[in-house]
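Structure, as structure tokens:
The values are calculated or read from the model by the stated rules, or taken from the named source; none is laboratory data. None of the values given here were measured: they were computed from a predicted structure. For neighbour counting, all protein chains shown are included, and Cβ atoms are generated from backbone atoms with ideal geometry for every residue, glycine included.
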């Protein structure tokens, strides 16, 4: 019984020794194979991203607007001065003034009215904006006319006249003149604020680089080195 047990123990020891020897031989080759594969398949850091171009401007931003409303207001100012001078001269000379005074009054009034109606459209045409010139002319004729009729409509009624009363009631004409004046001012302001713009394309600009920062992992199993690299583009 003791001899059988001794032979069993000896056989177990031999098998254990053979298994340990086999593992000792296999593991170094496996380690070298892993090392070779690690060197062959070295993990390279990812390439740095290409510079991101700046976003293209929208169609609304692709054009620059230049205001020239000051020229429109200057023409309207000259018209106002001419009309005011003509009215003041007519009031000073009265109905029995000289022929020269009458001609001067007529010239100032007609010149002022013509400058008001056509001066700003000519400015628009000089800037190459025929459509704006047509709108300007429509405003300068339409708004004063509408103001005149509106002022006459809201004017107070004239008192009843007797047969022997030759006084003329001018309420409608007076209020109509106030309405026409307000319409002319509104037309001038609208023209200068909304129509007096030059539209010019922006100059072509080179695309701008957007600065970019990033991190990339670095792994080298052959050397046993691991790390993280910091890179920058367009700085």
In the range 137-147, is there at least one residue being modelled with pLDDT under 95 and either part of a helix (DSSP H, G or I) or closer than 18 Å to residue 189 by Cβ (or both)? no
Quick check on residue 64: is it touching a strand residue (DSSP E or B) at 6+ places or on another chain (Cβ under 6 Å), modelled with pLDDT under 95 and surrounded by 12 or more Cβ atoms within 10 Å (Cβ to Cβ)? yes
Which one is farthest from the chain's Cα centre (by Cα), of the residues in the range 176-188 that are over 17 Å from residue 115 (Cβ atoms) and surrounded by fewer than 19 Cβ atoms within 10 Å (Cβ to Cβ)? 177
Test: residue in the range 158-166 that is at pLDDT below 95, more than 30 Å from residue 67 (Cα to Cα) and buried (at least 20 other Cβ atoms within 10 Å of the Cβ): no
